[in-house]
Amino acid sequence: GTTDTSMDSNNHNRNHGIVVRSCQELLQARDFMARNGINVSFTAQFVEIYEEKVTDLLTGQLVQIRRDTGEIHGAVEAPVNCIEQVLATLRSGHERKRFAATAMNERSS
């Protein structure tokens with residue numbers, strides 16, 4: 001499904017989803033920049049929009065998205081300095097994610 005394609009964070013899977021692969025590339029670029037004297041740090045937020053409610057999947061708390069800017073207010077920003085921290089953040093958020101069958105899911109194999 002879409003979640004597996006985009007988020008697959010299984011440590012044993014060599015075919016990580018696009019989110020994990022993108023984070024790997026960003027961390028590699030950060031390391032290259034650091035060797036050239038440029039310091040960069042990353043944080044991650046993991047939110048879910050479900051039935052018009054926005055939930056911070058790292059805390060389980062409801063948060064707000066500003067309609068005019070798209071900024072997320074109230075969600076935790078977890079530091080991610082290595083791919084292991086990215087994977088841990090994804091696993092932590094994934095545990096709070098809600099799953100509901102859709103009409104399409106029920107018909108698909």
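The values are calculated or read from the model by the stated rules, or taken from the named source; none is laboratory data. Fair warning: this is a prediction, and the values are worked out from it, not measured in the lab. Neighbour counts run over all protein chains shown; Cβ positions are idealised from the backbone, glycine included. Each accessible area value is taken on the protein alone, full model and side chains, heavy atoms only, with ligands, DNA and RNA left out. Shrake-Rupley method; radii C 1.70, N 1.55, O 1.52, S 1.80 Å.
Numbers for the structure displayed
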{"item": "Region 69-88: number of residues that are of a type outside the set (Asp, Glu), without any contact (Cβ under 8 Å) to a residue 24 or more places away in the chain and either more than 18 Å from Ser22 (Cα to Cα) or open to solvent by 100 Å² or more (accessible area, probe 1.4 Å) (or both)", "result": "4"}
{"item": "Only one of Arg91, Arg66 that is open to solvent by 80 Å² or more (accessible area, probe 1.4 Å) and without any contact (Cβ under 8 Å) to a residue 60 or more places away in the chain", "result": "Arg66"}
{"item": "Selected residue (criterion: most open to solvent (accessible area, probe 1.4 Å)) from residues of region 47-57 that are modelled with pLDDT under 95 and in a loop (DSSP other than H, G, I, E, B)", "result": "Glu52"}
{"item": "Count - residues of region 18-59 that are in contact (Cβ under 8 Å) with a residue 12 or more places away in the chain and farther than 19 Å from Arg98 by Cβ", "result": "11"}
